[in-house]
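Any read-out appearing in this document is the output of simple, stated calculations on the displayed coordinates, not a laboratory observation. For clarity, every value in this text was computed on a predicted model and none was experimentally measured. For neighbour counting, all protein chains shown are included, and Cβ atoms are generated from backbone atoms with ideal geometry for every residue, glycine included.
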Amino acid sequence: MKQKFDIITSTCVPLPLENVDTDQIIPARFLKATTRDEKFFGDNLFRDWRYNPDGSLNKDFVLNNPTYGGQILVAGKNFGSGSSREHAAWAIAGYGFRVVVSSFFADIHKNNELNNFVLPVVVSEGFLKELFDSIFADPKTEVEVNLPAQTITNKATGKSETFEINAYKKHCLMNGLDDIDFLVENKDKIEAYEEEHR
């Protein structure tokens, strides 16, 4: 869903697993879906971890634990590896996450998140470990993600880090624009350039 992104302060959902691949984020059987309905994909985020084989809820999985919630998913290193399916980013956005924090993202998945108005924030491994520690010590721990300043702050410790983001993608997120919207926004400039170079 297109939403302007500025500063988000939220509690977090911790997923301290490394090498979470896109098939675990959204299993391959859902790629045949003919809908792009966000709720459908969000309901099936981490499907095989959230539900037991008989379809009942896996009460041990973090998304089924009412202790944790919020708009920020904090994940282990190498998040989004595996196939390049954009459906993984659809599922993350559809569930309601606006930010994913990790110490490393697979490049294609990282771009898919940005294209779907989810901000991937890369932090140091030390900052990530401390953030997990803070969340497990107090699930009400809040994190502030400031896109204009490109900072992330663990409000439990007061510690902050800066993060990198492509300037074009930053502009699009802050203005709620996808690639087509950006072209439409700059239609007059494009036409003027074409006229000048005809």
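So the values come out like this:
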| quantity | calculated |
| --- | --- |
| Helix-only CD estimate at 222 nm, as mean residue ellipticity for the chain, using -39500 (n - 2.57) per DSSP H run (n ≥ 4) | -9500 deg cm²/dmol |
| Dipole of the chain [Lys/Arg +1, Asp/Glu -1 at C-beta], most positive-end residue of Pro16, Gly80, Phe5 | Pro16 |
| Region 5-195: antiparallel DSSP beta bridges as a percent of all, rounded to 5 | 50 |
| Relative packing of 98-104, 87-93, which averages over residues the other C-beta atoms within 10 Å, highest first | 87-93, 98-104 |
| Low-density loop positions, trypsin sites (Lys or Arg not before Pro), region 39-76 - DSSP coil, at most 14 other Cβ in 10 Å | Lys59 |
| Relative contact order of the chain, pairs being alpha-carbon contacts under 8 Å that are 6 or more residues apart, as % | 26 |
| Calculated mean projected area of the Cα convex hull in nm² (choose from [x] 12.7; [y] 11.6; [z] 23.0), label | [x] |
| Whole-Hz ³J(HN,Hα) from phi, Karplus 6.51 cos²θ - 1.76 cosθ + 1.60, for region 65-72, glycine and proline x | 9, x, 5, 10, x, x, 9, 10 |
